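Data block below; observations after.
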Amino acid sequence: QVRLVESGGGLVQPGGSLRLSCAASGSAFSSAVMGWYRQNSGKQRELVATITSAGTTNYADSTKGRFAISRGNAKNTVSLQMNNLKPEDTALYYCKLVTWSPNTYWGQGTQVTVSS
């Protein structure tokens, strides 16, 4: 079993920055892809950004140029640097890990609120 723990959410003013982090732990696994998704109540969970084990990144159009995803040296951590935040970025942000098996794991989510 793999456990994902997110951190770094909070309240920020429009134009501000936040950095989210996610650490994976548990029984032996190898992550093929790690990423971030977000969801607001009443809406579907949507892609924010993903990164493969080779370092290939993919971003939603709404986050390109403002957000940057990266993986740690241990390959079981992923971070999301969010700059120039907008009110529409407000959501519960989830970390996702997909193994080579493939199995999919989700974190519990961390709240990001962008408001003045």
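Filter the stretch 38-73 down to residues that are among the hydrophobic types (A, V, I, L, M, F, W, C), more than 17 Å from GLN111 (Cβ to Cβ) and in a strand (DSSP E or B), then give me how many there are.
Number satisfying all stated conditions: 5.
Can you tell me which residue within the stretch 53-73, out of those that are within 23 Å of SER25 (Cβ to Cβ) and modelled with pLDDT of 95 or more, is least open to solvent (accessible area, probe 1.4 Å)?
Among residues in the stretch 53-73 that are within 23 Å of SER25 (Cβ to Cβ) and modelled with pLDDT of 95 or more, the one least open to solvent (accessible area, probe 1.4 Å) is ILE69.
Residues of the stretch 94-109 being under 12 Å from the mean Cα position of the chain (by Cα) and either hydrophobic (A, V, I, L, M, F, W, C) or within 12 Å of LEU18 (Cα to Cα) (or both), which ones?
Hits for the stretch 94-109 are CYS95, LEU97, TRP106.
Look through the stretch 4-15, keep the residues that are of a type outside the set (Gly, Ala, Ser) and over 10 Å from the mean Cα position of the chain (by Cα), and return whichever of them is surrounded by the fewest Cβ atoms within 10 Å (Cβ to Cβ).
It comes out as GLN13.
Of everything in the stretch 38-52 that's of a type outside the set (A, V, I, L, M) and open to solvent by less than 50 Å² (accessible area, probe 1.4 Å), which residue is farthest from MET82 (Cα to Cα)?
Looking at the filtered set, the residue picked out is THR52.
Which residues, taken from the stretch 74-107, are surrounded by fewer than 19 Cβ atoms within 10 Å (Cβ to Cβ), part of a loop (DSSP other than H, G, I, E, B) and not aliphatic (A, V, I, L, M)?
LYS75, ASN83, ASN84, LYS86, THR90, TRP100, SER101, PRO102, ASN103, listed by residue number.
Considering the stretch 16-37 alone, what residues qualify as being open to solvent by less than 50 Å² (accessible area, probe 1.4 Å) and assigned to a loop (DSSP other than H, G, I, E, B)?
GLY16
The values are calculated or read from the model by the stated rules, or taken from the named source; none is laboratory data. A quick note: this is a predicted structure, and the numbers were derived from the prediction, not measured. Ideal geometry is used to build each Cβ from the backbone, glycine not excepted, and the neighbour counts take in all protein chains shown. Accessible surface is based on the protein model in full, side chains and every heavy atom, while ligands, DNA and RNA are left aside. Shrake-Rupley method; radii C 1.70, N 1.55, O 1.52, S 1.80 Å.
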